């Protein structure tokens, strides 16, 4: 990732909009876009500078198909330097949702999420989702989790294992009405499909 030098003028714009210099030096934002955002800010079109930074990071993340350690380190550094922890947390979740992190990167990002006060239940469900993606969470293990923790994994299991007769059968006992109703209908549908 090539770094570029930042002039005093653009350093001033970065500062006024809450950007760290890394946005420009690592090519995450162009000088043209920075100028446009500053003009919009001055005109009052957008007064929440974190919206600019969020959009730039999301657009940049969307261009990444393979996340190198170098780019990941830059992103983490930028996220940590941002003054708006809510925006930073949102970017962390967005980055994970792109499914481009390796296990070590996810652990580092999860630590950052925890540091920002992210929801432990949400990060645990992300861990489970990552296991599913790697075919390391079996139906049997999911059933055990549902039985040991009634109500906690029901909605997750309903979405992730909606083609499992065994899980749909168990979820009919859920304390969550929507899960109960969905699983009854889905269970009947799966049984009919199996019999035909």
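The values are calculated or read from the model by the stated rules, or taken from the named source; none is laboratory data. On a predicted model such as this, the values are computed, not experimentally measured, just so you know. Cβ coordinates were reconstructed from backbone atoms using ideal geometry, including for glycine residues, and neighbour counts include every protein chain displayed.
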Those residues of the range 154-173 which are under 19 Å from residue 137 (Cβ atoms), free of Cβ contacts under 8 Å to residues at least 24 places away in the same chain and part of a loop (DSSP other than H, G, I, E, B) amount to 161
Test residue 62 against the criterion of being at pLDDT 95 or above and under 27 Å from residue 110 (Cβ atoms), and give yes or no.
yes
Residue 106 is checked against (1) in contact with a helix residue (DSSP H, G or I) (Cβ under 9 Å, 6 or more places away or on another chain); (2) closer than 30 Å to residue 169 by Cβ; (3) surrounded by 12 or more Cβ atoms within 10 Å (Cβ to Cβ) and fails just one. What number does that condition carry?
(2)
Every residue in the range 85-101 that is closer than 14 Å to residue 126 by Cβ and more than 8 Å from the chain's Cα centre (by Cα), please.
89, 99, 100, 101
Considering only residues that are surrounded by 12 or more Cβ atoms within 10 Å (Cβ to Cβ), over 13 Å from the mean Cα position of the chain (by Cα) and without any contact (Cβ under 8 Å) to a residue 24 or more places away in the chain, which ones fall in the range 125-137?
131, 137
Testing residue 29 on (1) surrounded by 14 or more Cβ atoms within 10 Å (Cβ to Cβ); (2) assigned to a helix (DSSP H, G or I); (3) at pLDDT 95 or above, one condition comes back false. Which one is that?
(2)
Determine whether the range 46-54 contains at least one residue that is in the same structural domain as residue 124 (by TED's automatic domain parsing), without any contact (Cβ under 8 Å) to a residue 40 or more places away in the chain, under 30 Å from residue 134 (Cβ atoms) and in contact with a helix residue (DSSP H, G or I) (Cβ under 9 Å, 6 or more places away or on another chain).
yes
Evaluate the range 124-142: report whether one residue or more is within 27 Å of residue 22 (Cβ to Cβ) and not in a loop (DSSP other than H, G, I, E, B).
yes
